[in-house]
Amino acid sequence: MKFIASDRIDGLLERLEERGPVWAPREPEGAAGTVLFAPWRPGIVVELDRFTTLSAKGLVLPATEKLLSFSYSLTAEGETLDITGADQERGETVLFGARACDARAFTVLDALFGLPPGESYQDPGYRSRRRDLLVITLACTAGDAACFCSSWKEGTASTQGSDLILYPAGEGYLARSVSPRGEELLALDVWEDSDLEPPELAVTDRLPLEGLETKLTGSLFSDLDFWRELTAKCVSCGYCTYTCPTCYCFDMYDEMNSSREGRRCRSWDACMFYLYTLETSGHNPRPTIAHRYRNRIGHKFSYYPANQGPILCTGCGRCIRGCPVGLDIRDVLRAAGER
Amino acid sequence: MNGIVDTIKDVLKETDLVLGWTTDPVTGMATPARFHDGKEAEQAVFDSTCVHNLAVHLPRLKDSRVGIVAKGCDARSVVELIIEHEARREQLTVIGVGCGSLLDVKKIWRRYGYGVAIEDRGDSLLIGGEQVSRGEFVQRKCHGCLEADPDIYDVIAGEVGGEIPADMAQSHPLYGMFASLTPVERRAFWREQFSRCIRCYACREACPMCFCRDVCIMQTQVPRWAGGAVDAKQSEMIQLIRVNHLAGRCTGCGECERACPVGIPLMLLLDEQNRAIEEMFAYSAGASLKARPPMLVFDVNKDIWGKG
């Protein structure tokens, strides 16, 4: 197999940068130990041993995306409105150091945003970003106490959504391509040949997910006390939704300046907020935290798989690691399974 | 003196529920819990990983008789909530606990991996078997701690009257660094910090004093005070709005900073403002039930023009 020594990784990143911007995990200064995917430049230390706090979903669903721009004018001759769609040509972006759960999250989102022409709404921004994204995944030889990707068949061995997989071995990484573009990367002159064997990959927590899909729309949906009890300590913040690699709730809005030039944007939003479902009439179908949390779990483990196929979760554990009140989604799912 | 479990059991005789902590079976660290009966209360704990400020739940529990376990800093939030009518003194039983500084568990997890075994030995930590100095992993807010023991309480659980550790007497080194920056450098510092913000509003939701939460100015549609875009300028703006709304109300509990997924040192802003409020109005939020927040009782004629 192809191999690269740890101290040669910067050389690989430099070659990758020739193709387009490279996003890699790093610890920003003064960020209390937070590791984030961020644009890499020579000199930046890549953090490959720890998990990132935020997922990489922003590369396909940016936190704010301009959908179109417009300008409006009203004169004696009449009114005009010019609308220009957003430019979707931006070239390749490389994601380096994603984990199997991060890469698989893209394929889960594809089931909604990336459907083939003719099947559904075509999301031009998502489709072009996804098409241009090259994903280099680092295989996990160890998980932590929040990981539960092994709840899905392939777990840490999943290659879905990846182009190239790096396996820690010896003093570096073995590389295996899992797509034609990954194969292209193996032709770069940065690799050596190696007899090393790929390592044994981690096995993480396993959750019983069978039967949840029907339970969540049936008996558990009407049992609001169940949700009240489990979410008693929840403060309804957006942490879980914003750090999740598959949560995609958004808000759309128009903004205009005083010269009547403006843009229509789409920004991340979260179903855990009261305002998310507040209707103009004043009615709110999800008035309490219990209602909103029920929806979050229901959407991920029932409605989305029923409508789109995959479960809207890859077991990355981010929502567990950072929850300010220590609410563990696995406790909720296990309790739901036992009902 | 009763321990935490027996005290909660006692308090439950007079209340509907008690807000406290239990041990998370996965991480071995404390996690917030609600106790409704003596059997549940058996699981109660108090240790240096009980970082959460449970007062954040009080505005949503106004109709219940609530017991709440409170450290010195938490008790200040309880006081401020009572003053602002978001909690009812007569409905509350405050269980005071003595605190000798708290661990920044999230920081430990970020560095050593989630769920790593942590043993607090008082003067040092054993993290995953490795002995490390405790100072680096103490909550930033515990540096320069104001109250190791709560000022208001109805009952005390466990030992109080402990000393604040000597290395906690000074404010956090980051504050010194920040104080040395020029205004222009501060601007650049915050632009850099807020470039990480994703506008998840966890700061607001974790804050006990941000109880407008469902009708917050940060997200109102009409009028639209803040733009919708996620960028450093917008984030800085909405955070400054939040900070200003907390003038004379922030008790310095640090929950906003603790909840932030991208590690923005929000307490730098709030601490600066709290000091200004103290200088200008001789007011420290949450210090006394009898005091009134200066912004709520401020009279421009009397307080400024009347002075001359």
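The values are calculated or read from the model by the stated rules, or taken from the named source; none is laboratory data. From a predicted model like this one, the values you see are computed outputs, not experimental measurements. Backbone-built Cβ (ideal geometry, glycine too); neighbour counts: all protein chains shown.
Things to note:
- Scanning the stretch B:157-177 for residues that are within 14 Å of chain A (Cβ to nearest Cβ) and under 11 Å from residue B:145 (Cα atoms) turns up just one, B:172.
- When residues of the stretch B:155-195 are limited to those that are at pLDDT 80 or above and β-branched (Val, Ile, Thr), the one nearest to residue B:275 (Cα to Cα): B:182
- Considering residues of the stretch A:105-155 that are assigned to a helix (DSSP H, G or I) and polar (S, T, N, Q) only, the residue farthest from the other protein chains (Cβ to nearest Cβ): A:107
- Matching option when the condition is modelled with pLDDT of 95 or more, surrounded by fewer than 22 Cβ atoms within 10 Å (Cβ to Cβ) and either more than 12 Å from chain B (Cβ to nearest Cβ) or in a loop (DSSP other than H, G, I, E, B) (or both), among A:10, A:87, A:102: A:10
- Within the stretch A:243-286, tally of residues that are in a strand (DSSP E or B), among the hydrophobic types (A, V, I, L, M, F, W, C) and buried (at least 19 other Cβ atoms within 10 Å of the Cβ): 2
- For the stretch A:13-55, taking the residues that are facing another protein chain (nearest Cβ under 10 Å) and not in a loop (DSSP other than H, G, I, E, B), the one that is surrounded by the most Cβ atoms within 10 Å (Cβ to Cβ) is identified as A:36.
- Inter-residue pairs, beta-carbon under 6 Å, first more than 9 Å from chain A (Cβ to nearest Cβ) and in the stretch B:227-242, second assigned to a helix (DSSP H, G or I), 6+ apart: B:232/B:191; B:232/B:194; B:235/B:194; B:236/B:190; B:236/B:194
- Residue within the stretch B:71-87 that is over 19 Å from residue B:259 (Cβ atoms), more than 19 Å from the chain's Cα centre (by Cα) and surrounded by fewer than 22 Cβ atoms within 10 Å (Cβ to Cβ) present: no
- Of residues in the stretch B:79-116 being in a helix (DSSP H, G or I) and touching a Pro at 6+ places or on another chain (Cβ under 8 Å), the one nearest to the other protein chains (Cβ to nearest Cβ): B:81
- Selection status of residue A:204, modelled with pLDDT of 95 or more, touching a helix residue (DSSP H, G or I) at 6+ places or on another chain (Cβ under 7 Å) and buried (at least 18 other Cβ atoms within 10 Å of the Cβ): yes
- Scope the stretch B:1-58; condition more than 24 Å from residue B:116 (Cβ to Cβ) and either among the charged types (D, E, K, R) or free of Cβ contacts under 8 Å to residues at least 12 places away in the same chain (or both); matching residues: B:6, B:9, B:10, B:13, B:14, B:16, B:34, B:37, B:39, B:40, B:42
- Count of residues meeting criterion [touching a strand residue (DSSP E or B) at 6+ places or on another chain (Cβ under 6 Å) and more than 14 Å from every other protein chain (Cβ to nearest Cβ)] in the stretch B:51-70: 2
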